[in-house]
Amino acid sequence: MAARGITLETVDDFLTPTLRGLMPNPSTLTDMDKAAARLVRAVVGDESVAVFGDYDVDGATSAALLYRYLSAVSKPPRLYIPDRITEGYGPNAPALLRLHQEGARLVVTVDCGATAYQPLAAAAAAGLDVIVLDHHATEAELPQATAVVNPNRIDDRSGQGTLCAAGVTFLTVVALNRALRQAGWFRERPEPDLLGWLDLVALGTVCDVVPLIGLNRAFVAQGLKVMARRANVGLTALSDVAGLNTPPEAYHAGFVLGPRVNAGGRVGTADLGTRLLTTENPSEAQGLARRLDDLNSERRQIEVTVLDAALAQIGDGDPGDVVFVAGTDWHAGVIGIVASRLMERYRRPACVVSLTDGVGKGSGRSVRGVDLGAAVIAARQAGLLVSGGGHRMAAGFTVTSERIGDLRTFLRRRVADQLGGQAPEASLELDGAVAVQGATPALAETLARLGPFGSGNAEPRFAVIDARVVHADVVGSAHVRCILTGSEGGRLKAIAFRSVDSDLGRMLLTARSRPLHLAGTLRLDTWNGSTAVQLVIQDAAWPN
């Protein structure tokens with residue numbers, strides 16, 4: 001903790017983060033009071049409200065949170081999740097105008113809308129009020145809306161720029177609840193339990209990979225406790241389908257539940273995840289959970305195909321400051337995941353573009369020190385994109401096929417400028433070194449107290465020195481499992497995920513008791529009532 005800048009004054013908030021200690025006044029966010037006032041009018045006036053979400057986990061949890069709150073205090077809003085393939089990301093004018101024709105007087109966009117200039121102008125011209133709840137990077141000019149609540153808008157001074165959309169939506173719900181209380185709305189009605197929906201906020205926060213510091217840390221720590229109570233029918237069904245039978249941790253939210261919620265928007269029906277998170281019908285929840293689990297398996301197969309094609313396109317050469325690949329009819333639902341895989345493999349920003357009929361849908365993922373969202377916005381301002389936006393670590397865009405080469409050049413120059421001419425360096429930061437016999441369950445239990453882990457609070461990584469592989473085999477479809485021993489004895493289970501075809505996997509499988517230095521994280525492994533420690537291997541090196 002000391003090495004991570006945690007002081008004696010901040011240690012309690014770090015180890016036991018609470019909303020009481022970290023929750024800001026929602027009114028510190030620009031336009032929050034305007035948004036709350038307009039929502040109060042809608043609730044008190046029994047207006048028809050629509051929630052326009054996004055198809056990823058952050059969008060689904062944000063939409064579900066606002067849906068549950070409005071249903072509790074008034075009547076359920078209309079939910080609208082655009083189709084990834086036919087409509088693309090964010091508000092579009094035809095959908096907004098159709099919602100207006102169906103009776104909506106207010107639309108609240110969640111996890112989108114920050115740069116939807118033309119669609120929101122069309123809505124305003126038709127007399128439809130729109131509130132934008134977003135966290136993506138903005139420009140000086142904002143879209144025409146009743147309120148734009150976004151801690152990353154240029155004139156916001158709240159200091160909450162690390163929030164994801166689910167966090168912004170929760171603060172909005174808190175502000176709305178306070179305003180309704182002041183208006184006397186709860187004199188004859190019970191106030192809803194806002195803390196009971198922190199499981200949604202935690203899921204969105206982890207899956208959107210925002211830094212788990214400050215308020216985000218409290219959201220996740222408290223939200224995982226709520227998730228463990230299994231009160232959300234949809235999350236309970238999804239946990240059961242996924243075989244999650246232990247108290248959930250941030251890892252489960254990010255790598256077990258999140259991908260399944262995402263699967264509908266990637267390769268199925270866009271609103272499946274939101275429907276799962278809002279239903280109160282156990283039978284419906286079970287059906288939706290099974291469908292999402294099947295779609296997630298389908299998504300994996302599609303992802304492998306696109307990733308193989310992308311790697312073949314890159315070849316053995318240097319991919320440059322930005323890994324940039326484009327392919328015809330690559331499934332647009334997996335390009336973001338493939339971009340993540342390329343970013344992890346090459347340790348530099350990666351963009352993947354799917355081209356269909358001369359138009360490319362692109363998705364990018366970044367590394368620390370490179371603001372990819374700002375680079376994409378700059379490309380749009382330079383006339384290279386049809387549309388585009390994002391935040392520091394992720395971005396999306398639409399580009400015509402004839403501008404692909406110009407865009408690739410522009411992004412590489414932009415990233416090179418951000419890096420000051422230095423190439424992104426592939427490196428792993430280590431928190432310490434430990435021998436095999438020192439990797440004990442007690443140590444793993446102590447380290448676990450530093451959780452929840454994620455962006456901004458990485459799981460501690462150690463060098464396990466002078467280890468020998470006494471057994472190695474392949475488990476699952478691509479994982480390498482090992483038994484390690486040290487120079488002074490001891491045994492340690494280890495696994496390297498998705499490594500069988502990599503240099504790391506081949507190294508582990510052929511080590512034959514040669515000494516190795518390994519880098520990875522130590523996790524408790526409970527099986528059949530016994531608890532041991534396991535090393536999750538991330539890299540290896542022969543001793544000099």
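Quick notes on this one:
- For the chain, averaging the sequence separation of C-alpha pairs within contact (under 8 Å, six or more residues apart) and dividing by the residue count gives a relative contact order of 10 percent.
- Assuming charge only on the beta carbon of Lys and Arg (+1) and of Asp and Glu (-1), the dipole of segment 23-291 about its Cα centre is about 560 debye to the nearest 20.
- Placing +1 on the Cβ of every Lys and Arg and -1 on the Cβ of every Asp and Glu, with no other charges, gives segment 33-106 a dipole of roughly 280 debye about its Cα centre.
- Within segment 315-418, antiparallel bridges make up roughly 75 percent of the DSSP beta bridges whose residues both belong there.
- Using the Karplus relation 6.51 cos²θ - 1.76 cosθ + 1.60 with θ = phi - 60°, the per-residue 3J(HN,Hα) values for segment 128-144 come to 9, 7, 10, 10, 9, 10, 8, 9, 6, 4, 10, 10, 4, 7, 9, x, 6 Hz, with x marking Gly and Pro.
- Listed peptides 503-513, 33-43 appear in the order 33-43, 503-513 once ranked by packing, highest mean of other Cβ atoms within 10 Å at the front.
- Considering only segment 234-390, percent of DSSP beta bridges that pair antiparallel, nearest 5: 55
- Ellipsoid fit via the Cα gyration tensor, segment 215-312: semi-axes of 25, 18, 11 Å, each the root of five times an eigenvalue, largest first.
- For the chain, share of DSSP beta bridges that run antiparallel, in % to the nearest 5: 65
- Of the trypsin sites (Lys or Arg not before Pro) in segment 341-418, the ones in a loop by DSSP (not H, G, I, E or B) with at most 11 other beta carbons within 10 Å are 368.
- Low-density loop positions, trypsin sites (Lys or Arg not before Pro), segment 192-265 - DSSP coil, at most 16 other Cβ in 10 Å: 229, 230
- Within the chain, the percentage of alpha carbon pairs spaced more than 45 angstrom apart rounds to 15%.
- In the chain, the sites counted are GluC sites (Glu not before Pro) in DSSP loop states with at most 16 other Cβ atoms within 10 Å, and the longest stretch holding none of them, exclusive of the sites, is 281-424.
- Label positions at residue 86 and residue 525, each projected 7 Å from the Cα along the C-beta direction, are separated by 4.7 nm.
- Selection from 369, 176, 405 lying farthest towards where the dipole of the chain points positive, charges on Cβ: 176
- Fully extending the segment from residue 400 to residue 541, taken as 0.36 nm per residue of separation minus the present Cα-Cα distance, adds 46.4 nm.
- Relative contact order of segment 215-319, defined on C-alpha pairs under 8 angstrom at six or more residues apart (%): 28
- Sparse-neighbour loop sites [trypsin sites (Lys or Arg not before Pro); segment 433-490; at most 13 other C-beta within 10 Å; DSSP]: 449
- With R₀ set to 60 Å, the beta-carbon distance separating residue 445 from residue 140 gives a calculated FRET efficiency near 0.75.
- Couplings 3J(HN,Hα) for segment 452-466, derived from phi with the Karplus relation 6.51 cos²θ - 1.76 cosθ + 1.60 (θ = phi - 60°), are x, 9, x, 4, x, 8, 5, 4, x, 10, 10, 8, 9, 8, 6 Hz, where x marks Gly and Pro.
- Theoretical ellipticity at 222 nm over the chain - DSSP helices of four or more residues, -39500 (n - 2.57) apiece, nearest 500: -12000 deg cm²/dmol
- Net dipole in debye of the chain [+1 Lys, Arg Cβ; -1 Asp, Glu Cβ; about Cα centre; nearest 20]: 480
- Derived scalar couplings ³J(HN,Hα) [segment 97-108; Karplus, 6.51 cos²θ - 1.76 cosθ + 1.60; whole Hz; x for Gly, Pro]: 5, 5, 4, 5, 5, 7, x, 5, 9, 9, 10, 10
- At R0 = 22 Å, FRET efficiency that the Cβ-Cβ distance of residue 316 and residue 409 yields, to 0.05: 0.50
- Length gained when the stretch residue 280-residue 471 is fully extended (0.36 nm per residue, less Cα-Cα span): 63.9 nm
- Think of the chain as a dipole: +1 on every Lys or Arg Cβ, -1 on every Asp or Glu Cβ, centred on the Cα centre; then among 124, 269, 198, 198 lies furthest on the positive end.
- Eigenvalues of the alpha-carbon gyration tensor of segment 315-418, scaled by 5 and square-rooted, set the equivalent ellipsoid semi-axes at 18, 16, 12 angstrom, largest first.
- If R0 is 25 Å, the Cβ-Cβ spacing of residue 13 and residue 368 corresponds to a FRET efficiency of close to 0.60.
- Convex hull volume of the Cα atoms of segment 414-537, normalised per residue: 147 Å³.
Read the figures in this text as sums done on the coordinates, not as results from a lab. Computed from a predicted structure; not experimentally measured. Cβ atoms come from the backbone with ideal geometry, glycine included; neighbour counts cover every protein chain shown.
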